[in-house]
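Reading through the structure tokens given below for one structure.
The values are calculated or read from the model by the stated rules, or taken from the named source; none is laboratory data. Values in this document were obtained by computation on a predicted structure and should not be read as measured data. Because the Cβ atoms are built from the backbone with ideal geometry, glycine has one as well, and the counts that use them run over all protein chains shown.
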């Protein structure tokens with residue numbers, strides 16, 4: 001449902017690379033922060049294989065479009081919006097191939113403009129929109145809940161946890177269980193200051209309280225900051241092992257990602 005990882009200073013926007021190629025602001029580390037004070041548009045291509053029901057040839061592709069837009073409310077407070085728009089293609093898991101838009105999840109974080117002793121936090125509402133174009137790609141229910149994040153920067157290390165819980169708001173469930181799910185995303189990152197290369201370890205675990213089942217992927221990945229003309233980007237990827245999934249869930253996968261970064265106007 002929801003995604004991703006850590007930052008140097010949520011109060012500063014990105015600075016341009018120096019002539020030596022180094023980024024004095026630690027932009028690579030800022031991009032690891034899910035609520036950094038940066039406008040960014042990550043594009044995450046997820047490839048998942050296998051299924052716990054024995055269908056080793058099952059395949060699912062999901063493109064997550066995840067724009068992050070911060071707003072300055074005052075000198076001391078920011079509002080950060082994070083939206084996840086999934087586009088999914090599934091093969092050999094259902095009788096036919098299925099492709100289309102999934103349910104959109106949008107989070108709003110009220111966060112202090114400056115971290116205190118390296119600690120940054122944010123809290124706010126999260127909403128589930130029934131935008132799925134096929135019944136197998138979404139819940140077909142409106143939902144809402146609460147979300148929060150806390151993270152700590154310690155030198156080039158950054159670690160923390162992001163969480164949310166969503167309840168169904170819909171009276172019509174179309175024969176499905178009402179949405180009642182928790183999401184937990186612990187993360188640990190290290191950014192090499194000279195190269196702005198970030199390595200990270202994370203999970204994006206979901207617990208469905210209706211079915212009482214976990215989805216627990218373990219992610220290990222790497223991101224690299226780069227610049228093409230005036231445009232700052234970050235490219236990277238990860239490998240993923242599913243330690244626990246419900247029936248029909250995937251066994252393993254990988255992700256390729258491209259993030260467009262835009263400085264805040266000051």
Suppose the filter is modelled with pLDDT of 95 or more and either surrounded by fewer than 17 Cβ atoms within 10 Å (Cβ to Cβ) or in a strand (DSSP E or B) (or both); does residue 148 pass it? yes
Within segment 216-240, residues at pLDDT below 95 and either outside any strand (DSSP E or B) or over 26 Å from residue 156 (Cα atoms) (or both) come out as 229, 230
Okay, strands (runs of 3 or more DSSP E) sitting entirely in segment 1-111 with 2 or more residues that are at pLDDT 80 or above and surrounded by 23 or more Cβ atoms within 10 Å (Cβ to Cβ), I get 77-91
Out of (1) surrounded by fewer than 16 Cβ atoms within 10 Å (Cβ to Cβ); (2) outside any strand (DSSP E or B), the one residue 250 does not meet is (1)
Subset of segment 153-181, residues more than 19 Å from residue 105 (Cα to Cα), out of contact with any helix residue (DSSP H, G or I) (no Cβ under 8 Å at 6 or more places or on another chain) and crowded, with 16+ Cβ neighbours inside 10 Å, comes to 159, 160
Within segment 182-215, residues touching a helix residue (DSSP H, G or I) at 6+ places or on another chain (Cβ under 6 Å) and part of a strand (DSSP E or B) come out as 191, 198
